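Derivation of every value follows stated rules applied to the coordinates shown; laboratory data play no part. Nothing here was measured: the structure is a model prediction, and the numbers come from that model. Quick reminder, even Gly has a Cβ in these numbers, built from the backbone with ideal geometry, and neighbours come from all protein chains shown.
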Ligand code: HEM
């Protein structure tokens with residue numbers, strides 16, 4: 001396991017950027033804006049990950065910067081300032097920019113290469129403070145001895161629901177409560193060899209998906225301020241946990257895997273592992289059955305061949321069901337995603353509509369959050385404070401089991417010790433002045449705008465692009481305990 005040693009002479013900055021398509025996929029002008037922005041941000045940041053949100057048609061960039069001052073220098077470059085200033089009132093662009101000191105940030109990973117905020121520091125071995133509850137908290141240094149990293153708010157205000165109404169123009173959040181906890185959980189399953197893939201699918205896949213669903217649907221009552229489940233596109237966009245085990249060996253799950261052009265919209269799987277191939281057959285079959293029954297009862301011409309053809313169709317359908325993945329379906333609960341529309345994989349022409357995407361916000365406990373089959377996943381989360389996510393992680397039975405089984409299988413001496421699944425976590429505790437967010441023509445209820453009816457998350461409407469707050473002007477030192 002590795003962790004990051006962050007610089008102490010200044011904060012480091014993480015800026016999430018996004019562009020909502022306001023349609024199933026970006027139109028020509030939005031696509032041009034996305035491409036232009038992509039180049040601008042890659043030219044300036046230490047590291048950028050380009051993602052797409054699982055449940056809302058939008059692009060998301062996570063960008064990492066050496067310091068707030070480096071971010072400011074880039075933000076004020078003429079080409080960047082002009083780009084942002086020229087965004088139209090319904091642009092759908094937003095940014096949430098946070099800056100963390102070495103005292104209130106941690107990164108942990110089982111991988112050797114840097115991910116997330118590891119780009120802002122130096123990777124070193126993690127030799128202690130792990131494997132026990134409170135491990136993440138123990139990496140943080142308080143600003144004052146009685147600092148418990150607690151929110152000044154007793155509860156999170158009730159958020160406005162995300163709606164399909166766009167708030168025109170520029171909204172700047174001017175106030176944030178102290179101690180909001182920023183967390184990124186990254187997972188990459190693409191390097192796992194077949195044996196590990198099979199093991200992961202049998203032992204961890206359902207648990208991980210259920211836990212992420214529990215996190216994403218935790219809501220304001222459990223302290224989730226904002227959550228975005230996203231997926232990445234390292235070498236093309238692949239939907240589906242590619243091979244999976246049927247208990248006897250590894251089978252390529254062809255129907256659930258497809259490569260989608262990078263410009264495509266995000267997708268989901270109608271019925272996770274049942275095998276989307278079977279669904280059309282079932283439709284054809286039921287229509288055919290009705291037809292056969294009616295001609296049989298009327299004893300119309302050719303009723304015998306129609307009945308035989310129908311019987312054959314039923315045999316084919318049942319065989320297909322058996323030879324694809326029915327055994328796993330029967331054996332493993334009901335991994336059904338409710339808010340995706342009828343395609344094994346989506347492309348520009350077939351896509352979960354905005355309205356159905358919003359439905360996922362209230363998904364029931366039996367439904368999984370969409371898009372969890374992409375092999376590279378990033379969860380971008382803001383919590384009211386650290387205690388809220390600690391509480392959820394310690395008392396949610398699914399995470400407790402996932403954590404316990406993971407430590408046993410991947411820890412020293414475990415059957416998968418040294419395995420190739422990549423997990424990394426970034427966590428930071430933010431003071432109010434270390435946060436900055438603005439939204440240009442985004443859906444009502446997006447990000448922190450969901451709370452701007454409350455004084456704790458006050459906002460203002462800007463008529464033109466405003467500069468960064470004073471926080472970005474001068475470096476501030478921090479002294480972490482080592
Ligand atoms: C495949 C997914 C996951 C696995 C296998 C997993 C496993 C683990 C393990 C092994 C630990 C102990 C780490 C240590 O002591 O250093 C841990 C802690 C923790 N995990 Fe997860 N986790 C997963 C996903 C998540 C996600 C998505 C979240 C959050 C939203 C989360 C929240 C936490 C928290 C807050 C702790 C620390 C609790 C404490 O210190 O008291 N985990 N997890």
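For labels at residue 311 and residue 455 in the simple 7 Å Cα→Cβ model, what's the distance in nm?
Between residue 311 and residue 455, the label points sit 7.9 nm apart.
Could you let me know the centre-to-centre spacing of region 392-408 and region 1-77, using Cα atoms, in angstrom?
Cα centroid of region 392-408 versus Cα centroid of region 1-77: 31 Å apart.
Would you mind estimating how fast region 402-482 diffuses translationally, via Stokes-Einstein at 25 °C and 0.890 mPa s with the Kirkwood radius over Cα pairs, in µm²/s? Write out the running numbers ahead of the final one.
Values: Rh = 17.7 Å.
Using the Kirkwood radius from Cα pairs, D works out to 138 µm²/s.
As an exercise, use a Förster radius of 35 Å and the Cβ-Cβ distance of residue 143 and residue 29 to find the FRET efficiency, rounded to the nearest 0.05. Working shown, then result.
On the way: r = 46 Å, r/R0 = 1.30.
Calculated transfer efficiency: 0.15.
For region 11-61, just list the percent of Cα-Cα distances falling in each 5 Å bin from zero outward, please.
Per 5 Å bin, starting at 0, the Cα pair percentages come out as 5, 19, 30, 23, 14, 7, 2, 0.
How much length is gained on full extension from residue 477 to residue 124, taking 0.36 nm per residue of separation minus their Cα-Cα distance?
Contour length minus the Cα-Cα distance gives 125.0 nm.
What is the list of residues in region 25-47 whose amide nitrogen lies under 16 Å from a point 7 angstrom out from the Cα of residue 86, following Cα to Cβ?
Of the residues in region 25-47, 29-41 have backbone N under 16 Å from the label point off residue 86.
Pulled fully out, how much extra length does the chain show between residue 76 and residue 302, if you take 0.36 nm times their separation in residues and subtract their Cα-Cα distance? Write out the running numbers ahead of the final one.
Numbers: separation 226, 0.36 × 226 = 81.36 nm, distance 7.75 nm.
Here the segment from residue 76 to residue 302 would lengthen by 73.6 nm.
Between region 410-433 and region 97-162, what is the separation of their alpha carbon centroids in Å?
Using only Cα atoms, the two centres lie 12 Å from each other.
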